[in-house]
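Accompanying notes for the structure given below.
The values are calculated or read from the model by the stated rules, or taken from the named source; none is laboratory data. Fair warning: this is a prediction, and the values are worked out from it, not measured in the lab. So basically every Cβ, Gly included, is an ideal-geometry build from the backbone, and we count neighbours across all protein chains shown. When the accessible area is computed, the model is the full protein with side chains, heavy atoms only, and any ligands, DNA or RNA have been set aside. Shrake-Rupley method; radii C 1.70, N 1.55, O 1.52, S 1.80 Å.
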Amino acid sequence: MGKLQGLLFALATVALVVLATFYFTRTWLPPLKSDRAAIDHAIWLSLVVTGAVFILTNLLLAYFSWRYQDDGQTRAAYWHHNPRLEWAWTLVTALIMCTFLFKALNLWAEVTSPPPADAMLIEVTGQQFAWNVRYPGPDGMLGRTDHLLASQENPIGLDKTDPHAADDVLLLNQLVLPQNRPVRVQIRSMDVIHSFFLPNFRVKQDAVPGMTVQIWFTPKETGDYEIACAEHCGLGHYRMRGQVHVVAADGFDKALADAAGQ
Amino acid sequence: MSTEVLKKSPAPALDRGGPGGRGPGGQDDDGREGPELFYDPARFGLWLFLGTLTMMFIGFTSAYMVRRLAPDWIQLRPPGLLWANTAALLLSSGTLEVARRRLRGWNVAGVGPWLRATGALGALFLAGQLAAWRVLVSRGYFVGSSPHNSFFYLLSGVHGVHLVVGLIWFGVVLVKARRLAYTPGQDGLGMFATYWHFLTGLWVYLLLLFFVF
Amino acid sequence: MAHAPEAHAGEAHAHAEEAFIWKYVFSKNHRIIGIQYYITAMVMALVAGLLAMLIRLQLAWPARDWAFLAKIFPMGYDAGGGFGVMRPEFYAMLFTMHGTIMVFFVLSTAPVSGFGNLLIPLQSGARDMAFPFLNGLSYWTFLVGCVVILTSFFVGAGAAAGGWTAYPPLSALKGAVPGSETGQTFWIVGMVFFIAAFTMGGLNFVTTIINLRTKGLSPLRMPMTLWAMFLVAVLGLLAFPALIAACIMLIFDRHFGTSFFLPTGLVLNNAPMLGPDGKFLHQGGSPLLWQHLFWFLGHPEVYILMLPALGFTSDILTNFARKPLFGYKSMVGAMCAIGGLSFIVWGHHMFVSGMNPYLAMAFAVGTILIAVPSAVKVFNWLATLRGARIRFNTPMLWAMGVVSLFISGGLSGVWLAQSAPDIQLHDTMFVAAHFHLIMAGAALFGVFGATSYWFPKMFGRMMNDTLGKAHFWFTFIAYYCTFFPMHYIGIAGHLRRIYDPYQYEFLKPLQPINEFITISALVLGVSQILFFINFFWSAFAGKKAGENPWEANGLEWTTASPPPHGNWPGAIPAVHRWPYEYANPDFPKDHVMQTEPLTAAEQQEKAAEGPSRHEH
């Protein structure tokens, strides 16, 4: 009876390894449409390294469960430490982790680096339950906002007396982006914490009231993609959905005007 | 901190592990010594609790310090009453120490008056704190009026709540003293004193944090 | 000298029989209190488990009519004309309270307050905990917390609905979500009671383990369970105060008009939140402050949940492998390292929060490095198993399950620890997979293992091994089927805390996987019936247990099952060796109890070598 349990455990562990590995070989990431391929590489590397460890340790676990069962007669081996072995596996693990750390810090520095000078400016303001998008317009400057001015007709509190506000282009739940041009997005919120998530671009940034956080990225392929809210923000969290339209650079102005016209 | 304070009072009511507790020269047969710990568990536990309280106030302090860096910080002017309250609390720690030493020094008769003075001064402090709050409110400084106000009410409030607990403990101590339940020549008031002095020290720290630094 | 206390020990049992209410209800006995905590945690687990089932039904089949559920939970469903579609406000309450109850009232309670109270005096060689009255008080304080939390479902607009993490402004503004009215206040009050109770427990644990160990029980002879309980208590004493501070500040923001967490310029429903003077009601607060304070507790908290299971696993694994624990000192060191590092990694929950990117880097360092001691523990367990003679009783299966889940759940942590990949994975089901496997899974399997292993010390009887094994297999398989697929959908971008994922085109294809997960979760839930039957039936009618039914070495196995009043009938035994002396060829039996004095040969060896680095 005891032997059966050991065998079952071994089989279950092997089954886990086989199924887990099989499903991890499929592509789950949403298709990448931005310049943040390095994030995908980091995820892939994590998969490969942790996958190897997963397979190895689980196969050992399975093997030991099956092989070292009590026969009611002999005793287990008595040894219980091996300093060289322990140092070895500790150092190897530490080295692997340091490699991950080094790469992770470099990648993070890259992702959080300041945007290029020619990056296009956009502001996204989250609220319960919509994304207010604003372009600076031909003057290149976003008009002043004052939350005291916020209302049903003016959700982000745009100060219409500010000359720079006159040409601001306002969209609701939509983003229009030119292909291959870096864009810097200033992310804000009117009420609670939201999170601006573009699954196809590997972009996610919390929208925190009282703060403006800037991120930047470059869309690489034309098409229509989704915006999601990735921080629980109340009853309508599940429907804070938006659309990103990435168009060819020369068609951008028209596309933006069309979107604004709607 | 003198470890003497932590040493076990020789009046164990419970059987704390028999000879298994590390007795003198706690060696077992194979020549290895057990750890030499003679801490009175009650005092040890109290110090742990004070550690926990300290961590809570460190949390508040860090929130306070970060908030203070913001440009919209307005410094509150402390009502003069606070200094009087502080004096009362410091004095109460003093009277408590006198009472404690009297007990340790076999002067049982001398304990009562100093103990009562402690309680009175502590209650005076608390009343004074409530009065100080009233003064602030009358000047228009409500809890939500500015961050400095908010932190002040919050932290003096939390301190005050712990002082109320201290006063309840005082009540118990007073009753025990009246019943002559404390053994002369021993430090029966030690635990209470530790807690009380901690609260005094904490108040002085808060005062400095809010109005001096 | 020391004879008087010893004689007194023998006489300790000559007092009158206590009335039932003082013996079993308002008890000061650590075993009874441990069982009280355990049973209460079981009840809370039933509630939180039910909430999870409702969440899963919604995720698999949103907008579906559940007429019979609408009858049971009228507040949660739009009932009328036979339609029972779940309301979004109910869904938000479900995931909030599932998380809150499971993390605090079940998984911080059963392993820590339950088994800690049962085992610490027994494994330390003490008559009871250092502060028995405080111990009893801690349980009743905890119970008040449970009542407050459960009552919150029935007040005002329902229970808290801002997530178990209660981020402001959502949790601070009453109009932001219905649960942020009275429900959130009840949540805070319930948590304050819980933290007070946990603190009382922590004081007891640390004081007992430091001060009341029996003669000869030096730190490096303590079983891993005892080490775990010690570290968990220290973690709790240092970390919970941050959450209490935050909770008090949240109460002030909610009820007294302060702005600790609420910034200037809040506009709710397109209406600026102004005071009578025309200025904003709230000025200058920081939502990130809450996150820092919360996670300063929150991260050590998840280790509080997990460390006891790691301790149980080491003790159980060695017992049933009939082999000493490999690398005992490194196991202790690794546990201490995990405990220490747990204080400097909290920001990895906040990589995309808007905090300073340099700060994020600092947190990534500790987070990635904590993998090292964790890996060491896995390697040591594997090495313990190699060359073993494994007896696959129920406790062993659970311990092996812990190892398996620790590997699976721990490895996904490496993905999340890197701040840039976390951009894609934060707040997705990948995170849910990670913590359900490593934290919830390890803790749960640890509790089940500990229950079947130490049941004799709880009730003096054995649990049924066949039923136990059946329960294990259903749970083990269903657990993986429920939570492992969440990795995949998380990578695909499936968000957390989402009432209807299929509003998003990119998530529509994942519905079949959600259905699979839900069915697995239902199987998982229903399988627990086997446990309840086994537990309660065995407590009254299980096979009576002797002192040491598992042929183990620890101090708890040197006394009757259950232990008598005062834990040992005579003097408390002294300890001479570590608890992992299995398979030593120099001894007639394949195990040597901790209390077994050194043989002449061993003493000679000691004399020759001098004080040795060796555990025994």
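Residue check: is C:His471 open to solvent by less than 40 Å² (accessible area, probe 1.4 Å) and under 30 Å from C:Gly409 (Cα atoms)?
Against the criterion (open to solvent by less than 40 Å² (accessible area, probe 1.4 Å) and under 30 Å from C:Gly409 (Cα atoms)), C:His471 qualifies.
Being in contact (Cβ under 8 Å) with a residue 40 or more places away in the chain and surrounded by fewer than 24 Cβ atoms within 10 Å (Cβ to Cβ) is the filter here, so list the residues in segment C:179-190 that pass it.
Across segment C:179-190, the qualifying residues are C:Thr185, C:Ile188, C:Val189.
Considering only segment A:96-124, state which residues are within 13 Å of chain C (Cβ to nearest Cβ), without any contact (Cβ under 8 Å) to a residue 12 or more places away in the chain and among the aliphatic types (A, V, I, L, M).
Matches in segment A:96-124: A:Met97, A:Leu101, A:Leu105, A:Ala109.
Starting from segment C:365-385, keep only residues that are open to solvent by less than 10 Å² (accessible area, probe 1.4 Å) and at pLDDT 95 or above, then list their pairs with residues that are among the polar types (S, T, N, Q) and not in a helix (DSSP H, G or I) whose Cβ atoms are within a distance under 8 Å, requiring at least 6 positions of separation or different chains.
Going by the 8 Å Cβ cut-off, the qualifying pairs are C:Ile368/C:Gln418.
Collect the residues in segment C:176-207 that are among the aliphatic types (A, V, I, L, M) and in a helix (DSSP H, G or I), keeping them in residue-number order.
Hits for segment C:176-207 are C:Ile188, C:Val189, C:Met191, C:Val192, C:Ile195, C:Ala196, C:Ala197, C:Met200, C:Leu203, C:Val206.
What are the pairs with Cβ atoms under 6 angstrom where one residue, in segment C:389-410, is under 13 Å from C:Thr318 (Cβ atoms) and the other, located anywhere, is part of a strand (DSSP E or B)? Sequence gap at least six, or different chains.
Taking only residues 6 or more apart or on different chains, the pairs are C:Ile390/A:Gln69.
Counting only residues that are more than 9 Å from chain A (Cβ to nearest Cβ) and in contact with a Lys or Arg (Cβ under 9 Å, 6 or more places away or on another chain), give me the helices (runs of 4 or more DSSP H) lying completely in segment C:258-376 with at least 2 of them.
Ranges flagged: C:287-321, C:328-341.
Of everything in segment A:222-252, what is of a type in the set (A, V, I, L, M) and within 7 Å of chain C (Cβ to nearest Cβ)? Give them in sequence order.
A:Ala228, A:Ala230, A:Leu235 - these are the residues of segment A:222-252 that are of a type in the set (A, V, I, L, M) and within 7 Å of chain C (Cβ to nearest Cβ).
In segment C:486-499, how many residues are farther than 14 Å from A:Pro30 by Cα and more than 23 Å from the chain's Cα centre (by Cα)?
2
For segment C:146-163, how many residues are surrounded by fewer than 22 Cβ atoms within 10 Å (Cβ to Cβ) and in a helix (DSSP H, G or I)?
Total meeting the criteria: 6.
Have a look at C:Ala246, C:Ala176, C:Ala233 and point out the one that is facing another protein chain (nearest Cβ under 10 Å), touching a residue at least 40 places away in the same chain (Cβ under 8 Å), out of contact with any helix residue (DSSP H, G or I) (no Cβ under 9 Å at 6 or more places or on another chain) and surrounded by 22 or more Cβ atoms within 10 Å (Cβ to Cβ).
Answer to the check: C:Ala176.
Does C:Lys508 meet the test of being within 14 Å of another protein chain (Cβ to nearest Cβ), outside any strand (DSSP E or B) and under 30 Å from C:Gly327 (Cβ atoms)?
Here the answer is no, as C:Lys508 does not meet what is asked.
Please specify each residue of segment C:100-118 satisfying the condition of being under 16 Å from C:Met53 (Cα atoms) and open to solvent by 10 Å² or more (accessible area, probe 1.4 Å).
Once the filter is applied, which keeps residues that are under 16 Å from C:Met53 (Cα atoms) and open to solvent by 10 Å² or more (accessible area, probe 1.4 Å), segment C:100-118 yields only C:Met102.
Would you be able to tell me the number of residues in segment B:143-193 that are among the basic types (Lys, Arg) and either surrounded by 21 or more Cβ atoms within 10 Å (Cβ to Cβ) or in contact (Cβ under 8 Å) with a residue 24 or more places away in the chain (or both)?
Within segment B:143-193, residues that are among the basic types (Lys, Arg) and either surrounded by 21 or more Cβ atoms within 10 Å (Cβ to Cβ) or in contact (Cβ under 8 Å) with a residue 24 or more places away in the chain (or both) number 1.
A quick yes/no check of all residues on (1) small (Gly, Ala, Ser); (2) in the same structural domain as A:Thr218 (by TED's automatic domain parsing); (3) open to solvent by 50 Å² or more (accessible area, probe 1.4 Å):
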| site | (1), (2), (3) |
| --- | --- |
| A:Glu86 | no, no, no |
| A:Trp89 | no, no, no |
| A:Ala94 | yes, no, no |
| A:Leu101 | no, no, no |
| A:Ala104 | yes, no, no |
| A:Gly126 | yes, yes, no |
| A:Gly143 | yes, yes, no |
| A:Asp146 | no, yes, no |
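Residue-wise test of (1) surrounded by fewer than 20 Cβ atoms within 10 Å (Cβ to Cβ); (2) more than 14 Å from every other protein chain (Cβ to nearest Cβ); (3) within 25 Å of the chain's Cα centre (by Cα); (4) charged (D, E, K, R).
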| residue | (1), (2), (3), (4) |
| --- | --- |
| C:Pro501 | no, no, no, no |
| C:Pro512 | yes, no, no, no |
| C:Ala521 | no, yes, yes, no |
| C:Leu530 | yes, yes, yes, no |
| C:Phe535 | no, yes, yes, no |
| C:Lys544 | yes, yes, no, yes |
| C:Glu551 | yes, no, no, yes |
| C:Gly570 | yes, no, no, no |
| C:Trp578 | no, no, no, no |
